[in-house]
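Structure record follows, encoded as structure tokens.
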Amino acid sequence: MFNDIGPLELVTIIVLAVLVFGPDKLPKVIQDVMRTIRKIREFSESAKADIREELGPEFKDFDFEDLNPKTFLRKQLDNDELGLKEIRNGFDLKKEMAEVTEAVQSADSPSSSSSSPSSSSSGSGRLDMTKKSEDPEKDDRPPFDADAT
């Protein structure tokens, strides 16, 4: 229930409780809180039992946690009938990113290792990723004329 409370937060809550209720009333307050929590749990369990009884014997194994959307989706996606485990296992994002990084580094290393600036199109050792036509004279579009517009 309180899995995300750290030790420092727990000490802070205890100190605040002692300051607010006082050391003499604190044990009675803790007993009252525990009694209330126990009654709420009993009420919840009896309500669950009444609902199961009203639903009938075909819903005897009905679990109320399945009504939580996260739990429902997790159960349905873990079902192997859809073949989603194979798809999930076949797609490894870390492996794909490592391959892409390796390919970029291997393509970048020959241009940066050469000493002549003419081997690199920009002169800074970077790859030019812009799309260029193979024959610049064979471009289908007419040149842009600023005076014509």
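The values are calculated or read from the model by the stated rules, or taken from the named source; none is laboratory data. In this text the structure is predicted, and so the values were computed from the model without any measurement. All Cβ positions, glycine included, derive from the backbone under ideal geometry; neighbour counts span all protein chains shown. Side chains are part of the model used for accessible areas, which takes the heavy atoms of the whole protein and leaves out ligands, DNA and RNA. Shrake-Rupley method; radii C 1.70, N 1.55, O 1.52, S 1.80 Å.
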task: Hey, could you check region 23-48 for residues that are modelled with pLDDT of 90 or more and assigned to a loop (DSSP other than H, G, I, E, B) and say which is surrounded by the most Cβ atoms within 10 Å (Cβ to Cβ)?
output: K25
message: Quick check on this structure: which one of F64, F72 is at pLDDT below 90 and open to solvent by less than 100 Å² (accessible area, probe 1.4 Å)?
response: F64
